[in-house]
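One structure is given below, encoded as structure tokens.
The values are calculated or read from the model by the stated rules, or taken from the named source; none is laboratory data. Because the structure is predicted, anything quoted here is derived from the model rather than measured. Don't worry about glycine lacking a Cβ; one is built from the backbone with ideal geometry, like all the others, and counts go over all protein chains shown. What goes into the accessible areas is simple: the full protein's heavy atoms, side chains included, and nothing from ligands, DNA or RNA. Shrake-Rupley method; radii C 1.70, N 1.55, O 1.52, S 1.80 Å.
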Amino acid sequence: MKKFNIRKVLDGLTAASSSSSATASPGAPRENDAVQETLQSEHFQLCKTVRHGFPYQPSSMAFDPVQKILAIGTQTGALRLFGRAGVECYCQHESGSAVIQLQFLINEGALVSALADDSIHLWNLRQKIPAILHSLKFNRERITYCHLPFQSKWLYIGTERGNIHIVNVESFTLSGYVIMWNKAIELSTKTHPGPVVHISDNPMDEGKLLIGFECGVVVLWDLKCKKADYRYTYDEAIHSVAWHHEGKQFICSHSDGTLTTWNIRAPAKAAQIITPHGKQPKDGKKPEPCKPILKVEYKTTRAGDPFMVLSGGLSYDNVGRRACLTVMHGKSTAVLEMDYPIVDFLTLCETPYPNDFQEPYAVVVLLEKDLVVIDLGQIGYPIFESSYPLTVHESPVTCCEYFADCPAELIPALYSVGSRQKRQGYSKKEWPISGGNWGQGTQSYPEIIITGHADGSIKFWDASALMLQVLYKLKTAKVFERARGKDEKPNTDIVDEDPFAIQTLSWCPESRMLCVAGVSAHVIIYRFSKQEVTTEEVPLLEVRMQCELSDVDSPDPGGEQTPTLPPSSSPQESEPPPQPSAGSNSSDGPRDNIPCLQVRSSPLKQSPGYQVELVVQLVWVSGEPPQQISTLAINSSYGLVVFGNSNGLAVVDYLQKTLLLNMGTSELCSPSDAQKQLRSPRKARQPSGALCESNDGSNTSEDRCKSPTSGSTSPCNSDDERKPKFMEKVKFKSRRFSRTVASDFAKMSRKISSSVEQKAEQDGKDNSFTRSRSSSVTSIDRESREAISSFLFCESFPRKADTLLSPCLLVGTTQGSVMTVALSLPPGGDQRLQQPIGIASCGTLVQLKGGILTMALLDAAGTLLPPSYEPWYDPNASDEEKEKVRRRRPASPPSSQEGQDCQFAVLCSEKQAKVVAMPSQTCLHKHNITETSFVLRVDVVLMGGANCIACFCANGHIMTLSLPSLRPLLDVNYLPLTDMRIARTFCFSNLGQALYLTSPAEIQRITYSQETCDNLQEMLSELFTPVETPEAPNRGFFKGLFGGGAQSLDREDLFGETGAGKASRSLAQHIPGPGGMEGMKGAASGVVGELARARIALDERGQKLGELDERTAAMMASADSFSKHAHDMMLKYKDKKWYQL
């Protein structure tokens, strides 16, 4: 990305202003006189705020039973911490290695993480953004297991070689005390015992350490005597070990599905061997082996039977059975099936002390794609209702939109209808992970995130105040018939997988109208209602969108002039049949007039919330499936929906349920522009250059069949197998699911490599509008079709000579054309439902480099003019209530005075931005956003009381431009585009907010506002809260008298440098972290930070005063001693002569 040269920018702006003023009418205002821009570069700063969703690819878990904080580590080195609802935090290890184990320093606000790269890290959780205090990197041995006893500062680390090292977690230095594997096992053993898989100290004796080796050997090690007390041997590999709280027994889980119970003083034979899921033979033989029991936990209760919780161990007969968690309590055994494989589980107990009755109350189960908490205190073991937004990835996210500062009544309305959708049968208890405190932010405006998913569902999320909570879920697939049999599949010929997936959506928050487009070339329009209704027959409108190039072969004589068209006179609308039954789908001829999905014919019961108003489906044309919809827009004030694809656009009146316009892209242009688009005749359905972009000609059938989910492929439709392979490639590419998904993916994969980027930059100098890089299509084919890429409903001046505002539609295309369409609306009320709407194409407004992404309209003062809307009313309410709110919103700007521009059209493409004065259509400002890359997402947003343009480029740069002068305000190289998911889900919103899906399950929110960055510390939640550690269990009189209680150990004398010596320097390297006292002082801010610093200063001052007192006392004692010795010396030699000395 080229750096901006301010001098050149200012020179360019001056030149643009002078040229525009020379060509504009004499009354056109200069931008310096008309618009006073308030946004400056100091108002912008980019930083991450919070991350929501389920931790992607989890690998480990830990829980602080006093602070009640849950930590989850992932395979990519991420660390997610969860407390009460709304309290969550995200951290990242720089190395990106998998987190293999986590250990809390219980109730101390610290966490130890062990990584797969053999490093351990100490995290400080007492600050809002946790930071690493110390790191230790092992050089010669690989870490396999860690154990930190409660209220101890010495961390045991087991290695792959079978050795155990000890680390001081305060200084993160190694102790000289090492337990070598050859000292731990029997001397007669000829084989290596394998890696250390378990370490724990005896709950009743801290001086005895239990060490489990993978081969099946368990050793009870005496730390003081530095020798093995007992060795326990079993012929199956060990996966985990669990103690009884009295320290007299422990249980091992093995690879053959058995559990062995051992008395610590009887190492010769296991006290009990059971196979929980094994079939017990009648002849007394050994049970059949089962799958490995990966983990077991043994928890005691004071008033009843103990709980034994284990994962795995199922019989090999249960092929294909889902992962299970087994809870054994007394004589009952409950097998709980999970939806995904189990990664880890933890039993939550009332006490943190291992030598007391544990009193378990819940089990936290970490699955590959979910987090489940089971209530052990209720019959049937119900699960808790999750307090976290962990269902973002319930079905893969295919599109995302972000609305900040939306109407205040929206969130309560969505919550009221969404609360009825909640599942029943949850535990009645409160969510047990309840630590931390919410932030004290001043950000109080409502925010809503909408996610579209691969199964056709749409979720509305409350994203206010840096939190996330699901409000309402809409299932669009209910509108269509479902396949009932296993072999029966829906007639989905565009994608064989996820036929209901959401492609794009348009939402009007004020009117609550929702319009969604799916991958099967269907559009559904929804209204919001608080009342339940049953629709006898779903309203359906089928649209036949002809291929544009076939129209060029035999053009409509009146198509180029495009007069004002009544609803029934659209040149392509006369062909579609009113009913789907009129279509042909016989084996003898090609498919025609058949939609890809079948709308349900039975009555549809619609719950309160979003209810279907109209379904629009594109149909097959002469054996060719319809092109997928690339963009759409809805306007509640006009009662219109417009959508477009590579064939053209269609305008639908959803009030009258009629098709108003069905037109190819070339017909929208002026006659002169239309002549330029005439090419040599060729067969219909040649590939669109804008939709077939690929850097690899081998992506044929796989690309056609990809749904916009995770990129998985499926077998293709057999209709095209009879055609030549070359035509297969061409047509498969032309059926890509969307411009934003498919073409950007091609551009992204092409432009990530710098060598190809430089080559393309040289090749593209002659023709800046040629954007296709497919090796299987010729240059003429690449420009053969201009797809629709953007819409804007507005009240402006459709023609250059207009002096009165009128409703119109701006249409942007993939080749940079912006065209205007004039709309003639009848008066409101009954006339609106009876009289036709007139539509007239007014030709091309302006041309830009690259496909058009966003269009907006500003008034003469530079204020954004939002599209007009109709206030929300309940469609199922009484007519009187409807009339109270159904009124046309008046146009805000007055009519233009002759010869003077009073609007600015802001037009943004993949390469540049332009500001055009209206109605003179004079280009006032132009800015080339990027030369070597392309823009993925651009929005006109409100920021600090003014408007600006926010852009995200494929090279990772996030930029903002002022309006209307297009001055660069921010340019940060933030996120190199490495995943198509980011390009598909990145979106900006008002007030400096933006987000994207950083993984299939996680939403990353960022801000580009300096004010939000400054206040971020106060807005973030606190993980650590001061809590008293519970009292240790009472030993009792007789245990204290006869020594039967827990035995303590002075680990300092044993492991310290004086007792154990220094460790080898080459074994591990200590790395100071950035999160020490200096880092914490710099990171902390606000009142909490000031109090923390004051408390630290007081502690340091008190410590120094204490040291001063000690030194003073020592000096006084030394002086007294010296005085006494001097006095004794004087008395001794007082009466002696000098020669007697």
Number of the condition not met by Arg80 [criteria: (1) open to solvent by 10 Å² or more (accessible area, probe 1.4 Å); (2) more than 30 Å from Ser1048 (Cβ to Cβ); (3) basic (Lys, Arg)]: (1)
Scan segment 46-65 and give yes if some residue there is under 20 Å from Arg126 (Cα atoms) and in a loop (DSSP other than H, G, I, E, B), otherwise no. yes
Could you run through segment 935-956 and say how many residues are touching a Cys at 6+ places or on another chain (Cβ under 8 Å) and of a type outside the set (Val, Ile, Thr)? 4
Single unsatisfied condition, Ser152 versus (1) open to solvent by less than 40 Å² (accessible area, probe 1.4 Å); (2) closer than 22 Å to Gly207 by Cα; (3) without any contact (Cβ under 8 Å) to a residue 60 or more places away in the chain; (4) not aliphatic (A, V, I, L, M): (3)
Val364 being among the aliphatic types (A, V, I, L, M) and touching a Leu at 6+ places or on another chain (Cβ under 6 Å): yes
Residue count, segment 411-420, condition open to solvent by 70 Å² or more (accessible area, probe 1.4 Å) and more than 23 Å from the chain's Cα centre (by Cα), comes to 2
Residues being within 22 Å of Ser240 (Cβ to Cβ) and in a strand (DSSP E or B) - total across segment 176-199: 5
If you take the residues of segment 789-820 that are among the hydrophobic types (A, V, I, L, M, F, W, C) and outside any strand (DSSP E or B), which of them is most open to solvent (accessible area, probe 1.4 Å)? Leu804
Going through segment 123-149 in order, the residues found to be part of a loop (DSSP other than H, G, I, E, B) and open to solvent by 40 Å² or more (accessible area, probe 1.4 Å) are Arg126, Ile129, Asn139, Arg140, Arg142
Among the residues of segment 869-898, the number that are modelled with pLDDT of 70 or more and buried (at least 20 other Cβ atoms within 10 Å of the Cβ) is 3
Go through segment 391-410 residue by residue and tally those that are open to solvent by 10 Å² or more (accessible area, probe 1.4 Å) and within 20 Å of Val87 (Cβ to Cβ). 1
How about segment 211-227: which of its residues are under 17 Å from His147 (Cβ atoms) and of a type in the set (A, V, I, L, M, F, W, C)? Ile211, Phe213, Val218, Val219, Leu220, Trp221, Leu223
Go through the residues of segment 906-920 one by one and say whether even a single one is open to solvent by 10 Å² or more (accessible area, probe 1.4 Å), more than 28 Å from Cys399 (Cβ to Cβ) and not in a loop (DSSP other than H, G, I, E, B). no
Within segment 299-342, restricting to residues that are over 16 Å from Ser253 (Cβ atoms) and of a type in the set (Phe, Trp, Tyr), the one that is modelled with the lowest pLDDT is Tyr316
Candidates Gly207, Gly176, filtered to the one that is farther than 22 Å from Thr233 by Cβ, open to solvent by less than 10 Å² (accessible area, probe 1.4 Å) and more than 42 Å from the chain's Cα centre (by Cα): Gly207
Please enumerate the residues belonging to segment 821-856 that are in contact with a helix residue (DSSP H, G or I) (Cβ under 8 Å, 6 or more places away or on another chain) and part of a loop (DSSP other than H, G, I, E, B). Leu825, Pro826, Pro836, Ile837, Gly851
Quick one: is Val319 of a type in the set (A, V, I, L, M, F, W, C), surrounded by fewer than 21 Cβ atoms within 10 Å (Cβ to Cβ) and outside any strand (DSSP E or B)? yes
Flag if Arg600 is more than 27 Å from Ser506 (Cα to Cα), at pLDDT 50 or above and either of a type in the set (D, E, K, R) or open to solvent by less than 20 Å² (accessible area, probe 1.4 Å) (or both): no
Restricting the first residue to segment 254-282 and requiring it to be acidic (Asp, Glu), which pairs with a second residue that is modelled with pLDDT under 90 and open to solvent by 40 Å² or more (accessible area, probe 1.4 Å) meet a Cβ separation below 8 Å and a spacing of at least six or different chains? Asp256/Pro289
Could you tell me whether Glu1100 is modelled with pLDDT of 70 or more and under 30 Å from Gln127 (Cα atoms)? no
Condition set more than 24 Å from Pro354 (Cα to Cα) and charged (D, E, K, R), scope segment 247-282, selection least open to solvent (accessible area, probe 1.4 Å): answer is Asp256
